[in-house]
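S.K.: Submitted below is the structure of interest, expressed as structure tokens.
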Amino acid sequence: MSNRPYTPGDEARIMTIQRYIAETERNHPGATGEFSTLLRNLALAAKIVSREVRRAGLVDILGRASVTNVHGEDVRKLDVFANRMIINAMESGGQLCVMASEENESIIPIPEEFPCGHYAMLFDPLDGSSNIDVNVTIGTIFSIYRRVSTECRGTDADVVQPGDKQIAAGYIMYGSSTLMVFTTGNGVQGFTLDPTIGSFLLSHPDMRIPERGRYYSTNEGNRQLWDEGFRRYIDYLQTPDPEGSRPYGARYVGSMIADVHRTLLYGGIFAYPSDRRNPDGKLRLMYEANPMAFIVEQAGGRASDGTRRLMEITPKDVHQRVPVVMGSVNDVQEAEAFIAGTR
Ligand code: AHG
Ligand code: MN
Ligand code: MN
């Protein structure tokens, strides 16, 4: 496969997500096809959620214009809708033993009427929910583990594994276009949904994050709540240096997906540190931090809680929170030094 990005009209080279998954499977002689089917089902779920996200504003307008608004609730509760669609799309495939979602208090066992499989999936159905109503990029994050329990329908143990045990992770971004980015531990591939043919096409092969960037991405509204070390780090990024490599630019969408995606492409750092209000950080280890960490590392970057590698943390609870610092290797190492007080 060549690294030249796909450009529209370049039909001879089209690499659909289906073809990519099939070709990857052929390179793993022992593969049963179960995992490939899981990825294909995910791509289908992504298309369904994408369609609803695209319609959301339109349905809202129509709803306001007419007296009866049958869709209004789904629009406001798009995250609940996305949650339901993903569960529906994934529970019947026969590849999963259990799921866990940011939106569900308890784990989601695969119903008895469907066959159960060897994988567990965790997901954040809609990340960036504060941006839903203002037409700003939102997305879905997923993380896949191999079943470790002996229960066909899965247990908590299957969804509370360290990030290092992930066998795949990715996100679907509903931005100016819909993008599905994932890793199976062999680099990071990005596919853009071509709405005219309804297929995801390889648009970002072998994504690599620059070793250093020029942007930082964090919620500066929390500045007075931050620890001293992180505050000094951001001060440092804002201080001009003679070579002109600082100040860094500030970019913060407020959807982790969008902020990490930009960081992957341009380099730099994304951080949601602990602060006085959120002593354990705000982001969820299993639904947000670990899957994004897997992708960032697979793209050549670094992801930690400021002190430890995120994917080495032994989780205790599927909903637990964690501070997050991820992005370009050099930038993250610098942030860690400020947090540790060695700079
Ligand atoms: P979610 O919409 O799934 O609850 O996640 C929102 C998260 C994440 O996407 C983003 O990085 C962060 O919350 C933004 O938080 P602040 O509004 O506190 O900056
Ligand atoms: Mn989220
Ligand atoms: Mn969410």
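The values are calculated or read from the model by the stated rules, or taken from the named source; none is laboratory data. The shown structure was predicted, so the numbers you read here are calculated from the model rather than taken from an experiment. Note that each Cβ is placed from the backbone with ideal geometry, even for glycine, and that neighbours are counted across all protein chains shown. What goes into the accessible areas is simple: the full protein's heavy atoms, side chains included, and nothing from ligands, DNA or RNA. Shrake-Rupley method; radii C 1.70, N 1.55, O 1.52, S 1.80 Å.
S.K.: With the structure loaded, tell me whether S2 is among the polar types (S, T, N, Q) and modelled with pLDDT of 60 or more or whether it fails that test.
M.R.: When the stated conditions are applied, S2 does not pass them.
S.K.: While we're looking at this one, here's another question. If you go through the stretch 272-288 one residue at a time, do you hit one that is among the aromatic types (F, W, Y) and away from ligand 2 (no atom under 13 Å from the Cβ)?
M.R.: Going residue by residue through the stretch 272-288, those that are among the aromatic types (F, W, Y) are 272, 287.
Those still in the list that are away from ligand 2 (no atom under 13 Å from the Cβ) too: none.
Checked the stretch 272-288: no residue is among the aromatic types (F, W, Y) and away from ligand 2 (no atom under 13 Å from the Cβ).
So that you can scan it fast, the table gives a plain yes or no per residue for (1) more than 30 Å from S106 (Cβ to Cβ); (2) among the hydroxyl-bearing types (S, T, Y); (3) free of Cβ contacts under 8 Å to residues at least 24 places away in the same chain:
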residue: R147; (1), (2), (3): no, no, no
residue: V188; (1), (2), (3): yes, no, no
residue: G198; (1), (2), (3): yes, no, no
residue: T218; (1), (2), (3): yes, yes, no
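S.K.: Now, a different point. Somewhere in the stretch 89-100, is a residue charged (D, E, K, R), more than 16 Å from ligand 3 (Cβ to nearest atom), open to solvent by 20 Å² or more (accessible area, probe 1.4 Å) and at pLDDT 95 or above?
M.R.: Taking every residue of the stretch 89-100 in turn, at least one turns out to be charged (D, E, K, R), more than 16 Å from ligand 3 (Cβ to nearest atom), open to solvent by 20 Å² or more (accessible area, probe 1.4 Å) and at pLDDT 95 or above.
S.K.: For V253, indicate whether it is under 27 Å from V134 (Cβ atoms), within 16 Å of ligand 2 (Cβ to nearest atom) and surrounded by fewer than 23 Cβ atoms within 10 Å (Cβ to Cβ).
M.R.: yes
S.K.: Hey, another quick one. Within the stretch 37-83, take every residue that is farther than 21 Å from D194 by Cβ and at pLDDT 85 or above and give me the one that is surrounded by the most Cβ atoms within 10 Å (Cβ to Cβ).
M.R.: Ranking the candidates gives A82 first.
S.K.: Can you tell me how many residues in the stretch 237-272 are outside any helix (DSSP H, G or I), over 17 Å from S328 (Cβ atoms) and either within 14 Å of ligand 1 (Cβ to nearest atom) or aliphatic (A, V, I, L, M) (or both)?
M.R.: Of the residues in that region, 3 qualify.
S.K.: Give me the residue from the stretch 215-236 that is assigned to a loop (DSSP other than H, G, I, E, B) and within 16 Å of ligand 2 (Cβ to nearest atom) and, out of that set, least open to solvent (accessible area, probe 1.4 Å).
M.R.: Initially, the stretch 215-236 is screened for residues assigned to a loop (DSSP other than H, G, I, E, B), giving 218-219, 227.
When the remaining residues are screened for being within 16 Å of ligand 2 (Cβ to nearest atom), the result is 218-219.
Values: T218: 10, N219: 51 Å².
Applying the filter and picking the extreme gives T218.
S.K.: Same structure, new question: Considering each residue of the stretch 221-236, count those that are of a type outside the set (V, I, T) and more than 13 Å from ligand 1 (Cβ to nearest atom), and give that number.
M.R.: Total satisfying the criteria: 10.
S.K.: Then there's this: Can you confirm whether the stretch 244-254 contains a residue that is at pLDDT below 95 and over 15 Å from M173 (Cβ atoms)? If you could, list the steps in order and put the result at the bottom.
M.R.: Our first condition is that a residue be at pLDDT below 95; within the stretch 244-254, this holds for 244.
Adding the requirement that they be over 15 Å from M173 (Cβ atoms) leaves 244.
Among the residues of the stretch 244-254, at least one is at pLDDT below 95 and over 15 Å from M173 (Cβ atoms), which makes the answer yes.
S.K.: Would you be able to tell me the number of residues in the stretch 128-149 that are among the polar types (S, T, N, Q), farther than 17 Å from R262 by Cβ, at pLDDT 95 or above and part of a loop (DSSP other than H, G, I, E, B)?
M.R.: Residues of the stretch 128-149 that are among the polar types (S, T, N, Q), as a first pass: 129-131, 135, 137, 140, 143, 149.
Filter once more, keeping what is farther than 17 Å from R262 by Cβ: 129-130, 135, 140, 143, 149.
Adding the requirement that they be at pLDDT 95 or above leaves 140, 143, 149.
Next, from what is left, pick out any that are part of a loop (DSSP other than H, G, I, E, B): 149.
Of the residues in the stretch 128-149, 1 are among the polar types (S, T, N, Q), farther than 17 Å from R262 by Cβ, at pLDDT 95 or above and part of a loop (DSSP other than H, G, I, E, B).
S.K.: Same structure again: Could you tell me which of the residues E334, E243, E297 is surrounded by 14 or more Cβ atoms within 10 Å (Cβ to Cβ) and free of Cβ contacts under 8 Å to residues at least 40 places away in the same chain?
M.R.: One residue alone meets the criteria, E297.
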